[in-house]
1. Can you tell me the 0 to 90 degree angle between the C-alpha axis of helix 2-39 and the longest principal axis of the chain, rounded to 10?
2. Taking the Cβ-Cβ separation of Arg53 and Leu223 as r and a Förster radius of 25 Å, what is the calculated FRET efficiency to the nearest 0.05?
3. Ile14 versus Trp212, label points 7 Å from Cα toward the beta carbon: distance in nm?
4. Which trypsin sites (Lys or Arg not before Pro) in the range 65-116 sit in a loop by DSSP (not H, G, I, E or B) and have at most 12 other Cβ atoms within 10 Å of their own Cβ?
5. Output the peptides 121-134, 93-106 sorted from most to least packed, where packing is the average of other Cβ atoms within 10 Å over each peptide's residues.
6. Assuming 0.36 nm per residue, please report the length gained on full extension of the stretch Tyr60 to Lys240 beyond their Cα-Cα distance.
7. Quick one: putting +1 on the C-beta of Lys and Arg, -1 on the C-beta of Asp and Glu, what dipole do you get for the range 211-259 around its Cα centre, in Debye to the nearest 20?
8. Under a point-charge model restricted to the Cβ atoms of Lys and Arg (+1) and Asp and Glu (-1), what is the dipole moment magnitude of the chain relative to its Cα centre, in debye to the nearest 20?
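Quick note: the coordinates plus some simple rules give every number you see, no bench work behind them. Computed from a prediction, not measured in an experiment: that's the story for all the values here. Cβ sites come from the backbone with ideal geometry, for glycine too, and all protein chains shown count toward neighbours.
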Amino acid sequence: MIKKIFLFLLPIFILFVLWEAYQFYNYQQEKKYRASFYENLVDTSSPTVTVLRDSILMGYRNEKKTIHIYVPPAYEKDSTTRYPVMYFMDGESSFNDLENMGPEWQIDEVINTASKNGKPTAIVIGINDAEDRDAEYTAFINKDNPDAHGEKFATWVTTDLKNWVDQTYRTDPSTTATTIGGISRSGMMAYYMLMAHPDIFGNAIIQSPSMWVDYDRLMAMTLTKQELANKKIFVSVGEKEGGPMIPHAKAVYEKFKAAGIKKDALRFEIIPKEIHWHITWRKSFALAYPWLMK
């Protein structure tokens, strides 16, 4: 009897060992790739990117935030044009490998190319994440996030930060010209901020949103048809992202679709062969930007 059990379990054990070896090999290869990448990091930001370190006061936290500001190449040459504005959370990843210590999203490269081709351009505000990133990018207090202050962070972005940006730069401050974007947990916050402040944000780039943080309460948020009118929403996720990431991203898309957003104002993309990381969001933004700016 024992021999039969042993012969039954042996192939399973061998398969398990082979699978673990395969996983370990992939981990080591990824580790080598990332180590090589870090060794060769250089400043990849465009000349029109400015970093204001610890400069913008967050009154409710009594601390200052670092922001990254991109203006289009023609900004200084034309003193009359007003530009739409995109706000990106996890903004240290927007423009520069050195700032991110990893692959940047190449937002500036995408918009620079649009400028060369005579296409619409935008100002982009990249907002650094906080040391307590999870708390800052969690909208509602829950048992896993007892210190969550995402609601206050969203209010700060829509009032203090936006007012400063609109007063300092030649922006189009209208709702239809204002976009909120993020990735992972900040992608979830981009969804939340669109729903919580529909009078401020006319568009959203919601990438790999971590809706699992508080799925039921987030999905229960609703907007009226009037509030959803004239909005454009881009949702994306990597093909190889695990867990609930793909079904949750699709659920966000289906939610807006069911709410009646026009077909040409809503887009869902699964980024082929990509996992939950910055190259996914680089590829995603390259698709989102020209579509959003049509």
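1. Approximately 30 degrees, to the nearest ten.
2. Between Arg53 and Leu223 the formula returns 0.10.
3. That separation, rounded to one decimal, is 3.4 nm.
4. Here the trypsin sites (Lys or Arg not before Pro) that fit, given the DSSP loop and packing criteria, are Lys77.
5. Ranked from most to least packed, the peptides come out as 93-106, 121-134.
6. Answer, rounded to one decimal: 61.0 nm.
7. Dipole about the Cα centre, nearest 20: 240 debye.
8. My answer is approximately 1080 debye.
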